[in-house]
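Q: Below is a structure I'd like to ask you about.
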Amino acid sequence: EAGVAQSPRYKIIEKRQSVAFWCNPISGHATLYWYQQILGQGPKLLIQFQNNGVVDDSQLPKDRFSAERLKGVDSTLKIQPAKLEDSAVYLCASNRGQNEQYFGPGTRLTVT
Amino acid sequence: GDSVTQMEGPVTLSEEAFLTINCTYTATGYPSLFWYVQYPGEGLQLLLKATKADDKGSNKGFEATYRKETTSFHLEKGSVQVSDSAVYFCALTRGSARQLTFGSGTQLTVLP
């Protein structure tokens, strides 16, 4: 079974630029999560999708972050405009029902 | 809100030494508890879990017991190997949304 795929693996941008990350969850996994992991900290949930609907986006900075999962499969997370404090690893995870979450390798974003 | 507090790192041990990484949590109700591991350059992987009080999770020689009276879920291994070098995260979920709340992580380095 293929794992959670994310791209790109690394991205360097200047502040005020925009960036987008892509996630392809494991086939059949209805729930998809985006986490932000700042260096030296544990991952923090940004948004949770169930199929193509948002379950929880209470911790998503909506003035600059947006996410979508239009067909209930792939998802895209966007930052516009980026700030220095957005430098982090962005992790995507998926699961089926109440089961274990499977994580992708993450996208490491550096904002200069 | 829910929170997880982990032992500060980094931790450096010699091969075959005994490992303990402390984890305590704050949550209402009855959370499920997890240990995740992140090897260098890889995504988060579930190491073990426990879903109710007094449950013991175990995997690859690692163990942790869900202690509700002390709100703890300490990770232990009797004899660590160089290949155990990684970052270890304690986490919990609560409720139907199954969102993970992570601790800050503990970096473990095992020397030959």
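Q: Could you count how many residues in segment A:1-58 are of a type in the set (S, T, N, Q) and free of Cβ contacts under 8 Å to residues at least 40 places away in the same chain?
A: 7
Q: Let me spell it out: the conditions are (1) part of a strand (DSSP E or B); (2) polar (S, T, N, Q); (3) closer than 30 Å to B:Ala86 by Cβ, and A:Ser66 meets all of them except one. Which number is the exception?
A: Status for A:Ser66: all satisfied but (3).
Q: Taking the criterion of being within 21 Å of B:Trp35 (Cβ to Cβ), within 11 Å of chain B (Cβ to nearest Cβ), open to solvent by 70 Å² or more (accessible area, probe 1.4 Å) and more than 11 Å from the chain's Cα centre (by Cα), would at least one residue in segment A:100-110 satisfy it?
A: Checked segment A:100-110: at least one residue is within 21 Å of B:Trp35 (Cβ to Cβ), within 11 Å of chain B (Cβ to nearest Cβ), open to solvent by 70 Å² or more (accessible area, probe 1.4 Å) and more than 11 Å from the chain's Cα centre (by Cα).
Q: Can you tell me which residues in segment A:18-39 are modelled with pLDDT under 95 and more than 27 Å from A:Asn99 (Cα to Cα)?
A: Correct list: A:Leu39 only.
Q: Could you tell me which of the residues A:Lys62, A:Lys11, A:Lys15, A:Lys44 is farther than 24 Å from A:Asn99 by Cα, of a type outside the set (Val, Ile, Thr) and surrounded by 15 or more Cβ atoms within 10 Å (Cβ to Cβ)?
A: A:Lys11
Q: Here's a check for you: in segment B:59-74, which residue that is of a type in the set (S, T, N, Q) and more than 21 Å from B:Leu108 (Cβ to Cβ) is most open to solvent (accessible area, probe 1.4 Å)?
A: B:Thr70
Q: Could you count how many residues in segment A:13-37 are more than 10 Å from chain B (Cβ to nearest Cβ) and within 20 Å of B:Pro40 (Cα to Cα)?
A: Count: 1.
Q: Here is a further query. Quick check on my filter: what residues within segment B:26-58 are open to solvent by 10 Å² or more (accessible area, probe 1.4 Å), touching a residue at least 12 places away in the same chain (Cβ under 8 Å) and away from every other protein chain (no Cβ under 12 Å)?
A: Within segment B:26-58, B:Thr26, B:Ala27, B:Thr28, B:Gly29, B:Tyr30, B:Lys52, B:Ala53, B:Asp54 meet the criteria.
Q: Further question on the same structure: With B:Tyr88, B:Tyr66, B:Tyr39 as the choices, which residue is within 27 Å of A:Tyr90 (Cα to Cα) and at pLDDT 95 or above?
A: B:Tyr88
Q: Which of (1) open to solvent by 10 Å² or more (accessible area, probe 1.4 Å); (2) among the polar types (S, T, N, Q); (3) over 18 Å from A:Arg9 (Cβ atoms) does A:Asn95 not meet, given it meets every other one?
A: It is condition (1) that A:Asn95 fails.
Q: Which is under 26 Å from A:Gly3 (Cβ atoms), acidic (Asp, Glu) and part of a loop (DSSP other than H, G, I, E, B), of B:Glu16, B:Glu8, B:Glu42, B:Glu69?
A: None of the other options fit; the residue is B:Glu42.
Q: Only residues that are open to solvent by 60 Å² or more (accessible area, probe 1.4 Å) and closer than 15 Å to B:Ala50 by Cα: list them for segment B:75-99, please.
A: Correct list: B:Glu76, B:Arg94.
Q: Here is a check on your reading of the model: is A:Ala82 assigned to a loop (DSSP other than H, G, I, E, B) and open to solvent by less than 10 Å² (accessible area, probe 1.4 Å)?
A: yes
Q: Moving on. When the residues of segment B:12-25 are filtered to those that are surrounded by fewer than 17 Cβ atoms within 10 Å (Cβ to Cβ) and β-branched (Val, Ile, Thr), which remaining residue is farthest from B:Lys56 (Cα to Cα)?
A: B:Thr12
Q: Does A:Leu77 fit the bill of being assigned to a loop (DSSP other than H, G, I, E, B), open to solvent by less than 60 Å² (accessible area, probe 1.4 Å), in contact with a Leu (Cβ under 9 Å, 6 or more places away or on another chain) and within 26 Å of A:Gln98 (Cα to Cα)?
A: no
The values are calculated or read from the model by the stated rules, or taken from the named source; none is laboratory data. Quick caveat: nothing in here was measured; it's all calculated off a predicted structure. With ideal geometry, Cβ positions are generated from the backbone for all residues, glycine too; neighbour counts draw on all protein chains shown. Accessible surface areas use protein heavy atoms only, side chains included; no ligands, DNA or RNA. Shrake-Rupley method; radii C 1.70, N 1.55, O 1.52, S 1.80 Å.
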